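Here the structure comes first, spelled out in structure tokens, and everything after it is commentary.
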Ligand SMILES: Cc1cc2nc3c(=O)[nH]c(=O)nc-3n(C[C@H](O)[C@H](O)[C@H](O)COP(=O)(O)O)c2cc1C
């Protein structure tokens, strides 16, 4: 193995074994992983303790990332949390295709003492950081943390929030393109009441929690179209609350990932732009689509548009309101529509309340709409859609 040809990288993560995995499957899992790692030149180690995994994989950066992206969505585990990804000068496990260690005696006993490859001591030489993390794992620190994370998710899941769904309609055929999940209180209280009770420093974990609950309810409602899930860019850039975790969760509950459209709410400046873009790009690999919400109102609209290349742009409601009466708003709207056309981005006009607003945008060729005119959000359900008739003449009149 040539360690100098490409950037060597290691990724270290922890995860929780899922219900479909039991300890007897460990030898088969190891065999499978070793064969794969050998083929692509990846080395490393895997530990199992209680029901948590801890793994280090190392090799060429792109290879390691590709292997990790598969591991991340493997249904045999969940809560896959990347602890570290960084370049390394030298492999710490150069000789090991995937060394395996069982930390707790119970699992070893269950597997039978003859499984002699399983060690309970890990000699680490070349990566002090990895060594420290292994010690943290073996001493139970990460396992505790994972358990706490699960418990807090469980208590929150029991009904502190719920969701209403509002359709985005394709008016050319009357079909629903997607349902946007809108957060509500457990009894349908408005979003403002829900957000009002969230401490500022919990915002990102709450954002992540919302996407999980939205997926649960969308699944219960039997959504077969796309599903728009909102996310705060700041949360997406954080490993433990990001889009990858949402996708893993979708996978876990059997909601098709390719039906998800992530909506970036432009309500805060993005501080860690590279992490944000990287997490969005990873989402694209799973067929996820991306939308910028409230376009024209927020902090980083044009930067987002040019760098993260969304599939959809949703017009800010303030721009839509009474558009037929405001010359300057019309000029801005036309410019955005033209820009989106040139970049191959679909426009969604949201917050449409009147036929006049609808006519104005329809006459410019817009086909995706959302708003009270078509359907109000329905609490924990999928509302019926009505599409007002629009004649070309009426639309032309409005244009003038
Ligand atoms: C805990 C755990 C560790 C894994 N480690 C590796 C690994 O080191 N290398 C690897 O290729 N696959 C590993 N896998 C398996 C991958 O998740 C995945 O099943 C495999 O890459 C095949 O993906 P594919 O069928 O989409 O090609 C691991 C799975 C689990 C649950």
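Summary of computed values
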{"item": "Fewest-first sequence of 47, 317 by Cβ atoms within 10 Å of each Cβ", "result": "317, 47"}
{"item": "Kirkwood hydrodynamic radius of the range 159-399, from inverse mean 1/r over distinct Cα pairs, in Å", "result": "18.3"}
{"item": "Sorted by Cβ neighbour density within 10 Å, fewest at the top, the residues 358, 372, 273", "result": "372, 273, 358"}
{"item": "Residues 96, 360 arranged by fewest to most Cβ contacts within 10 Å", "result": "96, 360"}
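Taken together, the values in this text are just the output of simple stated rules run on the coordinates, not laboratory data. Computed from a prediction, not measured in an experiment: that's the story for all the values here. Neighbour counts are summed over all protein chains in view; Cβ atoms, including those assigned to glycine, are modelled from backbone coordinates with ideal geometry.
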